[in-house]
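Okay, so here's the structure we're looking at.
The values are calculated or read from the model by the stated rules, or taken from the named source; none is laboratory data. Quick caveat, the model's predicted, so the values are computed rather than measured. Methodologically, a virtual Cβ is constructed for each residue, glycine included, from the backbone with ideal geometry; neighbour enumeration extends over all protein chains shown. The area values use the complete protein model at the heavy-atom level, side chains included, leaving out ligands, DNA and RNA. Shrake-Rupley method; radii C 1.70, N 1.55, O 1.52, S 1.80 Å.
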Amino acid sequence: MTSRSEFSRLLAAIALVVTVVAAGFGVDTFADSGSSRGDASSRRQLPAARGTAVSATPQAADPLDGDPLDGDPGGGGTLPEKDPGAPKGRNRLDIVRSGRPNSLPRSDVAYDDDASTLWTPETDGDAVWLWLDLGGEWRIRDVRWLARGGGAIEVAISSDRQRWQEVEQVEVAEGWQGVALRDDARYVRLTLLPDNEGLLPAIAEATIYGRGGDVSLEQKASKDRQAKKKQRAKTGKKQTGDSGKNKDGSGKANTGKGKSKR
C-alpha cells in the first residue's frame, strides 16, 4: 500500500502541475481556496493587444464640424440657385444698376446670379430699401426674389424714382417668392421690413420679368420714330418725283403750242 506521505507528495505534484498550466493559459488564480472569485483586486489584468482600440464607445458627431456659412442670418442650409417657379414664356430683364442708402453694403450681390452671396443690411430695426434699374421703361410682368430670414418685402415700381407705386407686401418664406403685375416702369424697389424681433431679411437673388419678346417702351418708341421718319422720307421722294411729270405721265412740259381749232 502507498504510505500517507507518498500520497501527500502526489497531491502536491498534481497541484503544482495545475498551477503551471493555468498560468500558461492566462486563467485568473487566487491566493487561497477561501478567496472570492468576484474580488477584482486579486485578478491579473492582461495587456491590451497592439493596434486595437482600448475604448469602443462611439463618439457623437461634433455639430460644429465644418465651416459655417458666411453672412447667413437664417440658420444654415443651402439656398436653391434656380427658381423653380420662374414664369414660362417671359423675358428676363437685365438689371443695369441698383441703389441703396449710403450706410448699407453694396447691393449688386442681390442680382449676381449667385445664391450664396447675400445682401444683408444691418440697421437698428428700421426698414431699408434697394431699387433696381432696368435701363429703360418696360412692361413688367413678374418680380421675384430669394430671401433668407424673417420679416416682409414690399414691392414698388416707378418711372422716375420720384413717385413710387406700391404693388404688394409679402411675408418672407423659404424658397423663391414673387408678385405678378401688369405695369410699365423702369425702376423696381424692394423694401425690407423687420420681423417682430427687429431683424431684417437678407436678399440672395432678385429677378424681373417682362412680356415674352418685349423690348423696352423707350426702344419701341425709338423704333416707331425711325419707322415714321422713313415713311416721311419715302413719301417726300414720291412727291418730288411726281412733280416733274405732266398729267399724261410723259414728263414733258406743256408748251401750249398746237393746232388751233377751226
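Values as computed for the structure displayed
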read-out: Subset tally (residues that are at pLDDT 95 or above and open to solvent by 30 Å² or more (accessible area, probe 1.4 Å)) for region 140-153; value: 1
read-out: Cross-chain or 6+ apart pairs with Cβ under 7 Å, region 157-180 first and charged (D, E, K, R), then surrounded by 12 or more Cβ atoms within 10 Å (Cβ to Cβ); value: R161/W131; R161/Y187; E166/E154; E166/A156; E168/V155; E168/V179; E171/A152
read-out: Residue in region 96-142 that is farthest from R211 (Cα to Cα), counting only those that are acidic (D, E) and in contact with a Phe, Trp or Tyr (Cβ under 7 Å, 6 or more places away or on another chain); value: D133
read-out: Selection status of W119, of a type in the set (F, W, Y), open to solvent by 10 Å² or more (accessible area, probe 1.4 Å) and either under 23 Å from K82 (Cα atoms) or free of Cβ contacts under 8 Å to residues at least 40 places away in the same chain (or both); value: no
read-out: Of all residues making up region 122-179, the number that are more than 20 Å from the chain's Cα centre (by Cα), under 21 Å from L93 (Cα atoms) and not small (G, A, S); value: 15
read-out: Number of positions in region 165-187 that are surrounded by fewer than 19 Cβ atoms within 10 Å (Cβ to Cβ), within 18 Å of T120 (Cβ to Cβ) and at pLDDT 95 or above; value: 1
read-out: Those residues of region 137-167 which are in contact with an Asp or Glu (Cβ under 8 Å, 6 or more places away or on another chain) and more than 24 Å from D113 (Cα to Cα), in sequence order; value: S159, Q165, E166, V167
read-out: Conditions (1) modelled with pLDDT under 95; (2) open to solvent by 40 Å² or more (accessible area, probe 1.4 Å); (3) assigned to a strand (DSSP E or B); number of the one not met by Q162; value: (3)
